[in-house]
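The next block holds one structure in the form of structure tokens; read it before the comments.
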Amino acid sequence: MPKKVKKIKDKKMEIKKPKAKGLSRPDSVGTRNDNKKKAVPAERGKKSYGLLRGMHDILPKDEKYWKPMYQSAQDLATHFQFGRLETPILEEIGLFVHSIGKGTDVVDKEMYTFEDKDGTKVAMRPELTASAVRAYIMHGMWNMPQPVKLWYWGPMFRHDRPQAGRYRQFHQFGFENFGQSDSLADAEIILIAYNFYKDIGLPVEIHINSLGTPEERANYKTELVNYYRSKRSYICEDCRNRLVKNPLRLLDCKEERCQGVKEEAPQIINWLGTDSKNHFMKVLEYLDELNIPYQLDHSLMRGLNYYTHTVFEIYPADSDVASQSALGGGGRYDLLVEEMGGRPTPAVGMAIGLERTVLALKQYNEKNNREISKVPTDAFVAQLGDEGRRVTIKIIDDLRGCGIKIAFNFFKTSLKNQLELADNLKVPFAVIIGQKEVRDGTAIIRDMESGIQEIVDQKKLIPVLKRKLGRFDDKK
RNA sequence: GUGGCUAUAGUUUAGUGGUAAAACUGCGGUUUGUGGUACCGCUAUCGAGAGUUCGAUUCUCUCUAGCCACCCCA
């Protein structure tokens, strides 16, 4: 507001005294404004709004990607008996800080936080595992038959620098299994993720690793630091920083000079105790049994603090492009529930990034000349005149319940336009109802390919159409 | 959060220090009862703001946004 006022004021001043400001440049300012003649809109205060940084709209044209994803997620949930959990977007800030962990980027730099009107510090959820754990504890779900399986789907918020496939508000769906420590639970979670990508037609590969228990991990970390200290003079500057700040990230370094050091580095798997090792081995055995291709990845550590034992990430299978960003990931978090004030409860879960999945799927389809086909429309119903419209609206309503997918447009009045639409939709048949048909109680069925038309009684329209479409009436 | 590149119609892209071109799409039209073709018309405050200039979409700066790399993650 103040800005606008100022603007107008300035302009007026300029008009009155074109030369006031233009000591060194006589009437330039005045001239430009006069020429433009577009000073008017500014006063009308029109402003077009864009999106906040990192935000995006999901448009109807992408529905063909989103719908199958949701359907698959839902089917998998039903099949594996996960119950839908919906939690609020806003939670107490502490929930995330405590669970995800101080020192992680997610809580330190990326959380949307603010003070509510009553002074409560709240955060918009950056992920959902913490909320799921909260819900599990809060609703006493340990009293339910274990394991308790929950799934979710919804927007998450992270104030990160946007990039392709990286948004500040993005969508995830995820599955969480509480109360089952057996390796089978880990495998089941991975199987669900794998099946999801199979359903939507995107080949993926699973990267997997085990972090063991916190003690094992700590021991390993010490060893890793010792090792890297001894090689200090060979590694890049970033790595030297990592050595102090975040040693486990050393294994992610892409710098050429560090590769040699990296390869010789100790691997966490050798620092796991017998139990951890067995657990991990059994997970891998299940994956073998299920024919899920996986890749052991010793550098896979994950950025959230709560993970123990199995961790995994999902990548597009043919990752020749710079698609180093994971589509999804997850792992076991056996200590989190207790940590958050619940009973000791083992748990394992995963989350999948939907925007990234859409992006990867688009790239994959483009590369392989594949297209996602929409559900085909069976017929277009065209109408002419007020009478025609009145009859047609009823006929359309009748057709709706019969499993015939129809399209129509009441706002196009000419038959020409309507047939054009029908043509664009590539429907096999058009039904035409005009004045004459209304009078006779008939309808024209036009075969869009041959152009052959047939006049039928309106009462017989449905059965005739069904027969033409190769469908038969269900037995009553 | 750090660095680099980019910003022209809905989309993809031309172009110029003197207010802009094309293709595709969309909408409308070429008899308001017959489509896939053809023809015609319409659609751009040249990302925002400031500066240099007689004059800027074109040059400079700032901002904003997008993309890429880093960080990290989905």
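Where a number appears in this text, it was derived from the coordinates with a stated rule and is not lab data. Just so it is clear, the structure is predicted and the values come from calculations on it, not from any experiment. Backbone-built Cβ (ideal geometry, glycine too); neighbour counts: all protein chains shown.
The table that follows gives values for the structure above.
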quantity	calculated
Cβ-placed point charges (K, R +1; D, E -1), dipole of segment A:147-222 about Cα centre in debye, nearest 20	500
Most to least packed among A:196-202, A:421-427 [average Cβ atoms within 10 Å]	A:196-202, A:421-427
Chain A, helix-only ellipticity at 222 nm - DSSP H runs n ≥ 4, -39,500 (n - 2.57), divided by all residues, nearest 500	-12500 deg cm²/dmol
Length-normalised contact order of chain A in % [C-alpha pairs under 8 Å, at least 6 apart]	13
Debye, to nearest 20: dipole size of segment A:328-476, +1 on Lys, Arg Cβ, -1 on Asp, Glu Cβ	320
Residues A:Leu128, A:Leu419, A:Leu290, A:Leu461 arranged by fewest to most Cβ contacts within 10 Å	A:Leu290, A:Leu419, A:Leu461, A:Leu128
Exposure proxy ranking, count of Cβ atoms within 10 Å, fewest first, for A:Ser450, A:Ser183, A:Ser299	A:Ser450, A:Ser299, A:Ser183
Cut-off 14 Å, label 7 Å out along Cα→Cβ of A:Arg249, residues of segment A:352-375 by amide N	none
Per-residue Cβ neighbour rank within 10 angstrom, fewest leading, A:Asp378, A:Asp160	A:Asp160, A:Asp378
Alpha carbon centroid spacing (whole Å) that separates segment A:118-152 from segment A:203-242	31
Beta bridges per DSSP with both ends in segment A:364-476, % antiparallel, nearest 5	55
Where trypsin sites (Lys or Arg not before Pro) fall in DSSP loop in segment A:44-100, at most 10 other Cβ within 10 Å	A:Lys46, A:Lys47, A:Arg53
Environment charge of A:Asp116, counting only residues whose C-beta is closer than 14 Å and scoring Lys/Arg +1, Asp/Glu -1	-2
Cα centroid separation - segment A:399-460 against segment A:337-388, whole Å	32
Chain A, dipole about Cα centre (Lys/Arg Cβ +1, Asp/Glu Cβ -1), debye to the nearest 20	3700
Mean Cβ count within 10 Å, highest first, over the residues of peptides A:364-371, A:254-261	A:254-261, A:364-371
Beta bridge orientation in chain A: antiparallel %, DSSP, nearest 5	80
